[in-house]
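*Asks:* Below: one structure in structure tokens.
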Amino acid sequence: MKIVIPTNDKKGLEDKVAEHFGRCLTYTFLNEKGEVIEIIDNISEHMGGIGLPPELMKKHEANVLLCKGLGPRALNLCKELGIEIYVCQTETVKEIFEMWKNNKIKKADLKDVCEEHKI
């Protein structure tokens, strides 16, 4: 299992969870033990690159996304790609992973999309 968290730096477990899923600077990948296995730059079209963030995460074999929120298109694309999404308002990578590991984080659905992206 590979877990991905949108971040804005390369500080590993102490990095802050990015406020905006698609416009974060980096994605931090953890294994199921909570160990950092990879940190990549966000090279999606949101940052001037190619492809959508869920496609980038799937390319790096992510199975689970932990984030503060996301839009309806991202939610649906993650689901289509087989990426489970969980949302929670926490500060650090370590905190959001611990919440997920201890089943204290909500599985995302359409009620959880960011207000500015609701139709």
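What follows draws every value from the coordinates through simple rules; no lab data is involved. Predicted model only: the values in this text are computed from it and were never measured. Cβ atoms come from the backbone with ideal geometry, glycine included; neighbour counts cover every protein chain shown.
*Asks:* By the gyration tensor of its Cα atoms, with a ≥ b ≥ c the square roots of the eigenvalues, what is the shape of the stretch 2-112: rounded for a/c under 1.5, prolate for a/b over b/c, or oblate? Please report the intermediate quantities before stating the final value.
*Replies:* On the way: a/c = 1.45, a/b = 1.12, b/c = 1.29.
Note, shape of the stretch 2-112 comes out rounded.
*Asks:* What share of the DSSP beta bridges in the stretch 2-112 is antiparallel, in percent to the nearest 5? Working shown, then result.
*Replies:* Working: 15 of 21 bridges.
If I count the DSSP bridges inside the stretch 2-112, around 70 percent turn out antiparallel.
*Asks:* Label-point separation (nm) for residue 25 and residue 47, each offset 7 Å from Cα along Cα-to-Cβ?
*Replies:* Roughly 0.9 nm, to one decimal.
*Asks:* For residue 73 paired with residue 89, estimate the spin-label separation in nm (one decimal), with each label point 7 Å from Cα along the Cα-to-Cβ line.
*Replies:* So the label points at residue 73 and residue 89 sit 2.6 nm apart.
*Asks:* What ranking of 1, 57, 47 emerges when the number of other C-beta atoms within 10 Å of each C-beta is taken as an exposure proxy, fewest first?
*Replies:* Values: 1 11, 57 27, 47 14.
Ascending Cβ contact count within 10 Å gives the list 1, 47, 57.
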